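Asker: One structure, as structure tokens, below. Some questions next.
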Amino acid sequence: MIAPQPIPQELMTAIHACTHAVIIGHKSPDSDSLNSQLALASLLDQLGKSTQLVSAGPFTRHEIVHYEPLFDAHIAQDFKEHDPLIIIVDCSSADRIGYLADEIDSLTTMVIDHHSAGQGFGDITFIDPKAFSVTYMIMQLFEAFDVPLSDTDAHRLLFGLATDTGYFRHIGPYRGEVFTAVSRLVDSGASPRAIYQDMYGEQSFASRKLIGLLLYRMEEHFQGRLLLTWETFEETEHFGEVNRDTETLYAQMLSVRDCEVIVFVKQNAGNQSCIAGFRAHGESPIDVGAIAAEFGGGGHRKASGATIEYSMQETIALLIDRFSDVFDA
């Protein structure tokens, strides 16, 4: 088992001292980001702090779209007047919070994150690249402050952990501490069955059609060690941004024999830039987080992404060339 990173005393002191806190997650939020925000807000509320949840959105994933009414798009002026502590979760660089980066200037910033790639930022940091999710780190804070978990808190913490581990598929040997944490969360009221349904059930018909299209057009490179597929902006408009299921796409591609890395390129409007998603097989030594960082992105060793300022055709050619250095080495 791997022991979690100790919580910095500076972080504990800052939370004790603050009266108001604004909790921000990354743009295009996922379940780990949003559930980390929600659980942390619950913890701070129980400590007697005033909190505001803020997100730049958009809330496009089917499992979190119903959370949108709980979040504000901007920091409230009355909060700014109280010199709030800004707590940013699940972010490896300041640009990941979008336009909100301009709203936190001159305010004390705390960062709680588990990404190994990206640019370090924040006045106070709690970074643990070995943690499988930020909700796992927020669970540590509950225990450090001796605040009991409600059923809702436990559900949210397990939801984030389940999401970032692909419902525990990405956990290798000697990581039993994760399942010890899961046991505590289930005993506190979290339901693995309900979370699995939230993650993988209730998918739209359009999302299944889109996955079929993207799987049909995927290409093999480097004797099948790299699989690549793409989506045009017109297809995004046709199928929509809501209720997408890229994790199932990634899982299907990674299940192909001999595949080590998959790349998904999504064209933006005007074909002047693309979003590239990278995933690596659990047994592969390739660090896709480091590769994403070369293009200004970030993430984990096995899961990362970047925005690349080229047309889709140029982006695909650029990425194939970059991976030729990896697979031909």
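Just so it is clear, none of the values below were taken in a lab; they were calculated from the coordinates. It should be emphasised that the depicted structure is a prediction, and the values quoted were computed from it without experimental measurement. Cβ placement follows ideal geometry from the backbone for every residue including glycine, while neighbour counts extend to all protein chains displayed.
Asker: Which of the lysines could a cross-linker span from Lys209 if the Cα-Cα distance has to be under 25 Å and same-chain partners fewer than 8 positions apart are dropped?
Answerer: Answer for Lys209, where 25 Å is the Cα cut-off: Lys266, listed by chain and number.
Asker: If you stretched the chain out fully between Arg175 and Asn271, how much longer would it get, using 0.36 nm times the residue separation minus the C-alpha to C-alpha distance?
Answerer: Fully extending the segment from Arg175 to Asn271 adds 30.3 nm.
Asker: With springs only between Cα atoms under 10 Å, which of Ala290, Ala181, Ala101 fluctuates most in a Gaussian network model of the chain?
Answerer: Ala101
Asker: Which ³J(HN,Hα) values, rounded to whole Hz and listed in residue order, are derived for the stretch 67-73 from phi using the Karplus coefficients 6.51, -1.76 and 1.60 in 6.51 cos²θ - 1.76 cosθ + 1.60 with θ = phi - 60°, glycine and proline given as x?
Answerer: In residue order, the calculated couplings are 7, 3, x, 7, 10, 9, 8 Hz.
Asker: Now a separate question. Using only Cα atoms, what is the ratio of the radius of gyration of the stretch 30-104 to 2.2 N^0.38 Å?
Answerer: So the Cα radius of gyration is 1.09 times the expected 2.2 N^0.38 Å.
Asker: I want the local charge near Phe264. Using Cβ-Cβ distances under 13 Å, sum +1 for each Lys or Arg and -1 for each Asp or Glu among the other residues. Don't jump to the answer; show the numbers that get you there.
Answerer: Working: positive: Arg217, Arg244, Lys266, Arg279; negative: Glu219, Glu231, Glu235, Asp245, Glu247.
Combined, the nearby Lys, Arg, Asp and Glu give -1.
Asker: As a test of the formula, what do you get for the chain when each DSSP H run with n ≥ 4 contributes -39,500 (n - 2.57) and the sum is divided by the residue count, at 222 nm and rounded to the nearest 500 deg cm²/dmol?
Answerer: After summing the helix terms and dividing by the residues of the chain, the value is -11500 deg cm²/dmol.
Asker: Continuing with the same structure: With angles folded into 0 to 90 degrees, how steeply does helix 176-187 sit against the dominant principal axis of the chain? Use alpha carbons for both and round to 10.
Answerer: The answer is roughly 60 degrees.
Asker: Dipole of the chain (Lys/Arg Cβ +1, Asp/Glu Cβ -1, origin at the Cα centre): which of Tyr99, Thr19, Met253 lies farthest to the positive side?
Answerer: Met253
Asker: Which percentage, to the nearest 5, of the DSSP beta bridges contained in the chain is antiparallel?
Answerer: The antiparallel proportion sits near 40 percent.
Asker: Calculate, for Asp78 and Val147, the FRET efficiency according to 1/(1 + (r/R0)^6) with r their C-beta to C-beta distance and R0 35 Å; round to the nearest 0.05.
Answerer: It comes to 0.85.
Asker: Follow-up. Give me the extension gain from Ala317 to Arg257: residue separation times 0.36 nm, minus the current Cα-Cα distance, reported in nm with one decimal. Kindly include the intermediate steps, with their values, before the conclusion.
Answerer: Numbers: separation 60, 0.36 × 60 = 21.60 nm, distance 2.36 nm.
Residue separation times 0.36 nm, minus the Cα-Cα distance, leaves 19.2 nm.
Asker: Now, a different point. Distance between the C-alpha centers of the stretch 160-201 and the stretch 35-78? Whole Å please.
Answerer: A separation of 22 Å, based on Cα centres.
Asker: Relative to the Cα centre, what is the charge dipole magnitude of the chain, using +1 at the beta carbon of each Lys and Arg, -1 at the beta carbon of each Asp and Glu, and rounding to the nearest 20 debye?
Answerer: 820 debye
Asker: Same structure again: Modelled label-to-label distance, Glu283 and His221, 7 Å Cα→beta-carbon offset: nm?
Answerer: About 2.4 nm, to one decimal.
Asker: Using each residue's phi in the stretch 154-167, evaluate 6.51 cos²θ - 1.76 cosθ + 1.60 at θ = phi - 60° and report the 3J(HN,Hα) Karplus result to the nearest Hz, with x for Gly and Pro.
Answerer: Here the 3J(HN,Hα) series is 4, 4, 5, 5, 6, 4, x, 5, 5, 5, 6, 9, x, 6 Hz.
Asker: Please pull out the direction-averaged projected area of the chain, using the convex hull of its alpha-carbon atoms, in nm² to one decimal place.
Answerer: 16.5 nm²
Asker: Would you list which lysines come within 25 Å of Lys80, measuring only between C-alpha atoms, while excluding same-chain residues fewer than 8 positions from it?
Answerer: Lys27, Lys49
Asker: Right, another one. Rg to Rh ratio, the stretch 196-274, alpha-carbon atoms and Kirkwood radius?
Answerer: Result: Rg/Rh = 0.99.
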